[in-house]
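**Q** My questions will all concern the structure given below.
The values are calculated or read from the model by the stated rules, or taken from the named source; none is laboratory data. These numbers were taken from a predicted model, which means no experiment stands behind them. Glycine also receives a Cβ, built like all others from the backbone with ideal geometry; neighbour counts cover every protein chain displayed.
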Amino acid sequence: MGGMWWGAAVEAPDPAALARFYAALLDWPIGHEEPGTAILVPPEGSVYLVFQQATDYRPPVWPPADGEQRPMMHLDFQVGDLDSAVADALALGATLADDQPQDTVRVLFDPAGHPFCLCRDDG
């Protein structure tokens, strides 16, 4: 594969609002925005997160349940202080999942309902 990996595209009913959530959570700037699309640009690299309009969006269910929309992917973020990072995410509009499978990881939902994980850096 001679191409370059550019980033991940995340569907959302309001991509600009979801981009603002992750921009605040990660302290990454929004590098481009147009109707139906917003792109986050991490300061240190060339990998982007693209948020795109989805008209019939259904949020996934966590944990997965038969007959429901399954999570097809999720984002993981390594953090130094798990409790502080969770509190910051909740203040920005995330919600904590009822099911927490590990002591060093917290599963949350972004404002559009996508699960994401905050993972404690034990290194």
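**Q** Please enumerate the residues belonging to the stretch 47-82 that are modelled with pLDDT of 90 or more, part of a loop (DSSP other than H, G, I, E, B) and hydrophobic (A, V, I, L, M, F, W, C).
**A** Residues satisfying the conditions are ALA54, VAL61, TRP62, ALA65.
**Q** Ok, one more. Does ALA19 qualify as being free of Cβ contacts under 8 Å to residues at least 60 places away in the same chain, within 16 Å of PHE77 (Cβ to Cβ) and among the aliphatic types (A, V, I, L, M)? It would help to see each step written out before you state the result.
**A** On the way: free of Cβ contacts under 8 Å to residues at least 60 places away in the same chain: yes; within 16 Å of PHE77 (Cβ to Cβ): yes; among the aliphatic types (A, V, I, L, M): yes.
So ALA19 passes the test.
**Q** Moving on to the next point. Which residue, of ASP122, ASP66, ASP88, is touching a residue at least 24 places away in the same chain (Cβ under 8 Å) and on the phi < 0 side of the Ramachandran plot? Break it down into steps so the answer makes sense when it comes.
**A** Working: ASP122 fails: touching a residue at least 24 places away in the same chain (Cβ under 8 Å); ASP66 fails: touching a residue at least 24 places away in the same chain (Cβ under 8 Å).
When all the criteria are applied, what remains is ASP88.
Yes/no matrix, rows are residues, columns are (1) within 14 Å of PHE116 (Cα to Cα); (2) under 14 Å from the mean Cα position of the chain (by Cα); (3) among the polar types (S, T, N, Q):
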position: ALA38; (1), (2), (3): no, yes, no
position: GLU44; (1), (2), (3): no, no, no
position: ALA65; (1), (2), (3): no, no, no
position: GLN78; (1), (2), (3): yes, yes, yes
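**Q** Separate question: Residues in the stretch 94-103: is at least one in contact (Cβ under 8 Å) with a residue 24 or more places away in the chain and not in a loop (DSSP other than H, G, I, E, B)?
**A** For the stretch 94-103, residues in contact (Cβ under 8 Å) with a residue 24 or more places away in the chain and not in a loop (DSSP other than H, G, I, E, B): absent.
**Q** Out of contact with any helix residue (DSSP H, G or I) (no Cβ under 7 Å at 6 or more places or on another chain), farther than 23 Å from ASP121 by Cβ and in the same structural domain as ARG120 (by TED's automatic domain parsing): which single residue out of GLY67, GLY80, GLY31 fits that description?
**A** Values: GLY80 fails: farther than 23 Å from ASP121 by Cβ; GLY31 fails: in the same structural domain as ARG120 (by TED's automatic domain parsing).
Result of the check over GLY67, GLY80, GLY31: GLY67.
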